[in-house]
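Read through the structure below, which is laid out as structure tokens, and then see the notes.
Read-outs: derived from the displayed coordinates by stated rules, not from any lab. None of the values given here were measured: they were computed from a predicted structure. Methodologically, a virtual Cβ is constructed for each residue, glycine included, from the backbone with ideal geometry; neighbour enumeration extends over all protein chains shown.
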Amino acid sequence: MGELTIEMQIERPEPIISDVDILKYTKRQDPQIAIETLIEGNYVIIKDFYSTGLSLLSELKKYLQNSNSKQSFKEQRDFRSVYREISHRLLLLVQDNKLVVRKAPMIGWLNKLYPELNEFLLPFPQVQGLNSSWQWYERGISIPVLHKKIHPFFGTYFPTRFEHLKLFDNWLKQYRGSKELGIDVGIGCGVLTFQMIKHGFKKVIGTDSNPNAIIGLTEDLTGNNLSSKIGLIHGDLFANCDEKTELIVFNPPWLPASHNIEGLDKAIYYDSELFPRFFTEAKNHLTDKGKLILLFSNLAKISGLTDKHPIKKELAEGGRFKKELFLEKKAGPASKKTKRDQNWRNSEMVELWVLKIADTK
């Protein structure tokens, strides 16, 4: 991976650079004292081994689990929210872009994301996220429908399941409309755009409100023969794109938000205004004979979060679009590595919707 070639503010875990009261902790100490300190709202810093922090987080999770059944989807989400708040008060010291504990992983993001800082603190779970992200970035992720790897930049959502991508790929195989220009709203790590290019699109404009997505793809496309075929715009929904096209694709978040959403959560949860805003803007960017493709899921319904389906609601009440085609495919099983109860996944279906402007004959 090359150096960044775009001037944009990278989103990163917020470093702690001010003085804070901290309990120093090593593996020789009683973990219960550290856990009580964290729960009371105070900070704890790991002073010996990286593995000490991993062990303490494990103990904290066990402690919290004793008072939480975590059976339903909502209960699991609430538990994760409480755990996240408390665990983020466990800190690590970073000096000269390296973690100041023994046997710590080397994380290249510390240099890329914090080049101006010589010393600061980071929450331990944030460091874990940086470490995992760095491994994905360096090794790459194989995407079956592309027959190649992608290298997602830090803080950029990437797919770990592929049924919806296969639905889209199969639809693209039979698409006979114009392939001069497509628009990918919320391009993320670029998979839908790469699929469109693979199937013959001459140009795709990708937008994203996440600067890291635009930064990462700009870096990835530098010196690449795809750079002339993919245009990137940073901004919400259609951003400042003024093009009209015969194909717009959108893989929106699949779950309604019940909390303030930020960071990667924006790729998973949607607020009540997202879909109405999207459909309003989409009509202005679609030609009279154009098609609007949405990839979605029934996950919110089967997990008990809502009975409302935002695409069905638009078709019933919006007056802007009508359905041309609906396809669905059974979702694959949850990863064997996950510890969450995901029995609802047996009923999950991923969806592909093809809409066209309602007044089109």
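Within the same chain, aspartates and glutamates fewer than 8 places from Lys322 are excluded, and of the rest, those with a Cα less than 15 Å from its Cα are Asp288, Glu314, Asp359.
Using the Cβ-Cβ distance between Thr160 and Ser227 with R0 set to 22 Å, the FRET efficiency from 1/(1 + (r/R0)^6) comes to roughly 0.25. Counted residue by residue at 0.36 nm each, then reduced by the alpha carbon distance between them, the extension gain from Lys62 to Ile39 reaches 6.9 nm. The 3J(HN,Hα) values that the Karplus relation (6.51, -1.76, 1.60; θ = phi - 60°) gives for segment 245-253 are, in residue order, 9, 8, 8, 10, 10, 8, 10, x, x Hz. Gly and Pro appear as x.
Tell me which trypsin sites (Lys or Arg not before Pro) from segment 230-328 have a DSSP coil assignment and no more than 12 other beta carbons within 10 Å of their own. Those satisfying the criteria are Lys308. Take the Cβ atoms of Arg102 and Ser347, set R0 to 35 Å, and the FRET efficiency comes out at 0.15. Extending 7 Å from Cα along the Cβ direction at Ala358 and again at Val82 yields two label points whose distance is 4.5 nm. Sequence-ordered 3J(HN,Hα) estimates for segment 110-120 from the Karplus curve with 6.51, -1.76 and 1.60 and θ = phi - 60° stand at 4, 7, 5, 8, 10, x, 8, 10, 8, 8, 6 Hz, glycine and proline given as x. Phi angles of segment 47-61 translate, via the Karplus equation with coefficients 6.51, -1.76, 1.60 and θ = phi - 60°, into HN-Hα couplings of 10, 10, 10, 4, 5, 5, x, 4, 5, 5, 4, 4, 5, 4, 5 Hz per residue; Gly and Pro are given as x.
Restriction of the trypsin sites (Lys or Arg not before Pro) in segment 171-224 to DSSP coil positions whose beta-carbon has at most 10 other beta-carbons within 10 angstrom yields Arg176.
How high is the FRET efficiency between Gln29 and Ser258 when r is their beta carbon distance and R₀ equals 35 Å, given to the nearest 0.05? Efficiency computed from Cβ-Cβ geometry: 0.40. Calculated [222 nm] ellipticity per residue, helices only, for the chain: -9000 deg cm²/dmol; basis is -39500 (n - 2.57) per DSSP H run with n ≥ 4, divided by all residues, nearest 500. Here is the list for segment 241-311: GluC sites (Glu not before Pro) lying in DSSP coil, each with at most 11 other C-beta atoms within 10 angstrom of its C-beta, are Glu262, Glu273. Summarising the amide proton neighbourhood of Leu232: residues at separation of 5 or more, or on other chains, whose placed amide H is nearer than 5 Å comprise Gly206. Over 22 Å apart at the Cα level, from the set Lys203/Lys291; Lys198/Lys229; Lys112/Lys229; Lys203/Lys323, are Lys112/Lys229; Lys203/Lys323. Anything over 26 Å Cα to Cα? Flag those among Lys202/Lys308; Lys329/Lys356; Lys149/Lys308; Lys149/Lys329, in the order listed. From the list (Lys202/Lys308; Lys329/Lys356; Lys149/Lys308; Lys149/Lys329), the Cα-Cα distance tops 26 Å for Lys202/Lys308; Lys149/Lys308.
Given Lys27/Lys61; Lys283/Lys312; Lys173/Lys313, which pairs have Cα atoms separated by over 20 Å? Pairs exceeding the cut-off: Lys173/Lys313.
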